[in-house]
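Below is one structure, written out as structure tokens; the observations come after it.
The values are calculated or read from the model by the stated rules, or taken from the named source; none is laboratory data. What you are looking at is a predicted structure, and each value in this text was computed from that prediction instead of being measured. As a convention, Cβ positions derive from the backbone with ideal geometry for all residues, glycine included, and neighbour counts pool all protein chains shown.
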Amino acid sequence: MSKCTDVGSATELKPGDMKCVFVGSRRVLLSNVDGKVYATNDICSHALAYLSDGFLDGSVVECPLHGAQFDVITGKALTAPADGDIETYEVTLADGRILVAAA
């Protein structure tokens, strides 16, 4: 496992919520899907928009710019105009804190 970065309290991210955090200079999207936290790249593969400005429906995040959709669990691009999948990162919960491994 890569070095983990503490990105906040697990209680601050309720089911259905998402937010951007920084791991170093990298923008990381945290998404709470049914009580489990997932981490992906926050940048859309199509037009470089911030996915955290979009919409989360279940495990699907929609880019606010052109509507490309991605699965936040797998990082898979689901709809055009996405140009490819987004990177996913390992998440660990420890002592009520969210830790993200993003090398």
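For every residue, the table says whether it meets (1) under 22 Å from residue 95 (Cβ atoms); (2) of a type in the set (Asp, Glu); (3) touching a Leu at 6+ places or on another chain (Cβ under 9 Å).
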{"residue": "8", "(1), (2), (3)": "yes, no, yes"}
{"residue": "21", "(1), (2), (3)": "yes, no, yes"}
{"residue": "35", "(1), (2), (3)": "yes, no, no"}
{"residue": "39", "(1), (2), (3)": "yes, no, yes"}
{"residue": "50", "(1), (2), (3)": "no, no, yes"}
{"residue": "61", "(1), (2), (3)": "no, no, yes"}
{"residue": "68", "(1), (2), (3)": "no, no, yes"}
{"residue": "77", "(1), (2), (3)": "no, no, no"}
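Checking every residue in segment 40-50 against the condition of being surrounded by fewer than 14 Cβ atoms within 10 Å (Cβ to Cβ), outside any strand (DSSP E or B), on the phi > 0 side of the Ramachandran plot and at pLDDT below 95 gives at least one match.
Residue 74 - would you say it is modelled with pLDDT of 95 or more and farther than 16 Å from residue 4 by Cβ? Judged against the criteria, residue 74 is a match. Filtered by the rule that a residue be within 15 Å of residue 7 (Cβ to Cβ), of a type in the set (A, V, I, L, M) and not in a strand (DSSP E or B), segment 82-102 gives a lone residue, 102. Among the residues making up segment 31-60, those that are of a type in the set (A, V, I, L, M) and either free of Cβ contacts under 8 Å to residues at least 40 places away in the same chain or over 12 Å from residue 17 (Cβ atoms) (or both) are 39, 43, 47, 48, 49, 51, 60.
The set of residues from segment 51-103 being under 17 Å from residue 37 (Cα atoms), β-branched (Val, Ile, Thr) and touching a strand residue (DSSP E or B) at 6+ places or on another chain (Cβ under 6 Å) comprises 60, 61, 72, 73, 86, 88, 91, 92, 98, 100.
Inside segment 51-74, residues that are closer than 20 Å to residue 100 by Cβ, small (Gly, Ala, Ser) and part of a loop (DSSP other than H, G, I, E, B) make up a count of 2. Just to verify a result, which residue in segment 70-87, among those that are crowded, with 19+ Cβ neighbours inside 10 Å and not aliphatic (A, V, I, L, M), is farthest from residue 43 (Cα to Cα)? Within segment 70-87, the match that is farthest from residue 43 (Cα to Cα) is 71.
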